[in-house]
Every structure is written in C-alpha cells, then in structure tokens.
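Computed from the coordinates by the stated procedures, all read-outs in this text should not be read as laboratory data. Note that the structure is a prediction, hence the values are computed from the model and not measured. All Cβ positions, glycine included, derive from the backbone under ideal geometry; neighbour counts span all protein chains shown.
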C-alpha cells in the first residue's frame, strides 16, 4: 500500500515542537565552538554585585530609608535584579545575529525550508533564553561566594531559571522584531543601546518603585523586566509577589513577540 504525501504529513502540533528544538540546538552548538561571549558577559554582573552592590550594602542607604522588604539586605535585594539585567543584556542584541545570517544568505535558506517561521523564531528565542541561563549560574555562584542570603531550595532555583529563560526569550524576540523593522545592523545596535538602559533603570532591578518620583513611578508597571525581577525575588528571597501576574505577563509578552517577529521575518530576509 502506497501512502500519499498528505497521509505521510504530520500534523502541525507534532511538527512544531520538533522544529523548535532543532533550531534551538543549532543555535546552542555555536556556544560550544566559541565560549568567549559567555565569559565576557560574566564580567558585568560580577562588577555590579561586587562593586556596586557591596558599596551600597555597606553604606546602608536603602536600609536607612526603610524601603527594602523586612530582613532583606541591599545585596540580597540586588542579586535577582542583576540576574535579570544580565540576561536582558545578552538577549536584547540577539537581532544582530539574525541580520548577520541574512547577510550571509543563511536566513533565505532557512525560509526556503518547510519549517514554519514561528518555529524558527521560537527556536532562536529559547536559545537566547538558555544563554541567559548562564547568568543565573554566575549570579548564584557569586552570591554563594559573597554569602548572600538566598533561598537555596533546588525547586526555587529551578523556578528562577525558568523565569530568566522566559524573559530572555521575550527580549530576544523584541530584538528580532526591531531587526525586522530597521533591517540594518548599525541601526539595531543604536536602538538596542538606547532602550536597554531605560528598561533597566525604569524597573525595580536596582531599587523599589516606591522611591521613584510620582511622575515616573508608573514606568515599572508597564516594564516586563519588573515582573521578571518580582518573580525572581519571590522565588529567591520569599518576598510577596503575584506569581500568576508575573509569569502571565512574561508568557503573554513572549507569545506576542514570537508572532510579531515571525511576521517580520520575510521583510528582514528581503533586506
């Protein structure tokens, strides 16, 4: 009995996860050949924790203002914020890589395959998320060395890793969306640098929103990085937070980012 191609074809719900995993593995194999980026990216969170964190922790400024959660030192408060920030800095420039693939002709070949564009974007997004996971390892290791009082429950640390991967995947999608809009590498570099610091400083990564002036205190509420940081603090410091809201915002942003980036992929390929 000869089966027709239609009968041999697998349903989309079975094909999509396999394609996503394949593209994710292809992206991650690049790390095996060149780990320099991961080593260099580890420098920044170390500087934030060791110099900035230790200085403000020693000064006791935030403790004097009584704005931190009860029993939480500033170094404890900072660690989840720097974890989120480090993953953000890795993911936000991920669109440059897809522009490089376009220039090398690789993106056109990818789009010529029967793989859905959503699978291509999702695979790349979660590869960026796993790269962001490397920063979780760096911050947790550094926190252990500095004797920062985090909750070392393995399930909570696993939850923190999942949160970072989700958020980094979204920010990489945001970068790929920008790549599809601006098309050019130098423009994307400029925009990425322009939005990274506002995302960081207009969140609760460094300080509570309650110390912000009223006219900018609304910014953390519309910043996805804030919800990532809140979830991380809840997991690692046991501070009160709404996990449903935090994870819901991150997942919602990721879905919108994937769909939008996939829609712009053809425009990016045309250059």
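Results, tabulated for the structure shown:
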| item | result |
| --- | --- |
| Theoretical gain in end-to-end length, residue 43 to residue 70 [0.36 nm per residue, Cα-Cα removed] | 6.7 nm |
| Contour minus Cα-Cα distance for residue 212 and residue 256 (0.36 nm per residue) | 12.9 nm |
| The range 193-255 pair-distance distribution - Cα-Cα, 5 Å bins, rounded % | 4, 19, 26, 25, 19, 7, 1 |
| 164, 138 arranged by Cβ crowding within 10 Å, fewest neighbours leading | 138, 164 |
| Label-point gap, in nm, between residue 193 and residue 152 - each point 7 angstrom along Cα→Cβ | 4.1 nm |
| Helix-derived mean residue ellipticity, 222 nm - over the chain, DSSP H n ≥ 4, -39500 (n - 2.57), to 500 | -24000 deg cm²/dmol |
| Computed E for residue 111/residue 186 - FRET, C-beta separation, R0 30 angstrom, nearest 0.05 | 0.80 |
| Residue order, fewest to most beta carbons within 10 Å, for 175, 73, 141 | 141, 73, 175 |
| Taking the range 172-271 and dividing mean pair separation by its residue count, relative contact order in percent (alpha carbons under 8 Å, at least six apart) | 38 percent |
| Taking 74, 243, 94 and counting other C-beta atoms within 10 Å, the order from fewest to most | 243, 74, 94 |
| The chain: Cα Rg divided by the 2.2 N^0.38 Å rule of thumb | 1.09 |
| Alpha carbon Rg of the range 116-271, scaled by the compact-globule rule 2.2 N^0.38 Å | 1.11 |
| Rg/Rh ratio calculated on Cα atoms of the range 94-161 (Kirkwood radius) | 1.21 |
| Translational diffusion coefficient (Stokes-Einstein; Kirkwood radius from C-alpha pairs) of the range 50-105 at 37 °C, 0.692 mPa s, in µm²/s | 239 µm²/s |
| Rounded to 10°, Cα long-axis angle of helix 154-182 versus longest principal axis of the chain | 60 degrees |
